[in-house]
1. Amide H neighbours of residue 73 under 5 Å, counting only residues 5+ apart in sequence or on other chains, H built in-plane at 1.01 Å?
2. On a 1.4 Å probe surface of the protein chains, which of 100, 70 comes out largest in accessible area, and what is the full order?
3. Rounding to the nearest 20 debye, state how big the charge dipole of the range 23-127 is about its Cα centre with +1 on each Lys and Arg Cβ and -1 on each Asp and Glu Cβ.
4. State, as an integer percentage, the relative contact order of the range 17-127 based on alpha-carbon contacts under 8 Å between residues 6 or more apart.
5. Normalise the Cα radius of gyration of the range 57-127 by 2.2 N^0.38 Å (N = residues in it) and let me know the number.
6. Quick one: how many lysine pairs does the range 34-117 have with C-alpha atoms less than 17 Å apart and a gap of 8 or more or different chains? Give me the count, please.
7. Sticking with the crude label model, points 7 Å out along Cα→Cβ, report the distance from residue 42 to residue 106 in nm, one decimal please.
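The values are calculated or read from the model by the stated rules, or taken from the named source; none is laboratory data. Quantities reported herein were computed from a predicted structural model and do not represent experimental measurements. Cβ atoms come from the backbone with ideal geometry, glycine included; neighbour counts cover every protein chain shown. Just so you know, the surface numbers come from the protein's heavy atoms only, side chains and all, with ligands and any DNA or RNA stripped out. Shrake-Rupley method; radii C 1.70, N 1.55, O 1.52, S 1.80 Å.
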Amino acid sequence: IGNQDLHSYPKLPVNRLSQGSGTIVSDVKDLNTFVRALLIDKTLLTAHSLKQMTNFYTYKNTKSGYGLSEENIGGKTLLGHTGRQISYISLAFADTVHKESMIVLTNNANDTLVDHVLETICKTKRF
């Protein structure tokens with residue numbers, strides 16, 4: 001907002017700014033543990049529940065399910081979830097064929113940069 005003093009703006013409760021994000025606070029290690037248990041080890045949910053989450057429908061070139069999406073990036077098919085808010089982007093994906101997981105957390109909401117990082121990671125032999 002240029003040179004404006006942001007302290008002059010009214011304070012909003014965090015839950016008013018992050019309505020869709022679930023307001024979950026986590027780190028790379030915890031997110032990786034979660035993604036691996038859900039999509040690679042398959043120990044978090046029943047087979048029936050996981051099948052429901054991965055029963056994807058296509059909308060505007062995106063395959064989405066219940067809380068998961070399928071992305072084809074850098075020659076890999078990834079299952080996972082993304083999130084963003086005013087000043088961050090988070091990506092949590094698994095390549096179930098190669099049994100690899102990838103977490104990207106950034107406090108930079110630059111989609112182009114994050115897309116480039118994701119593409120570069122996916123093009124490497126291993127995550």
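1. 78
2. The most accessible residue leads, giving 70, 100.
3. 260
4. Here the relative contact order equals 22 percent.
5. 1.08
6. Taking the range 34-117 as the scope, the lysine pair count is 5.
7. So the two model labels end up 3.3 nm from each other.
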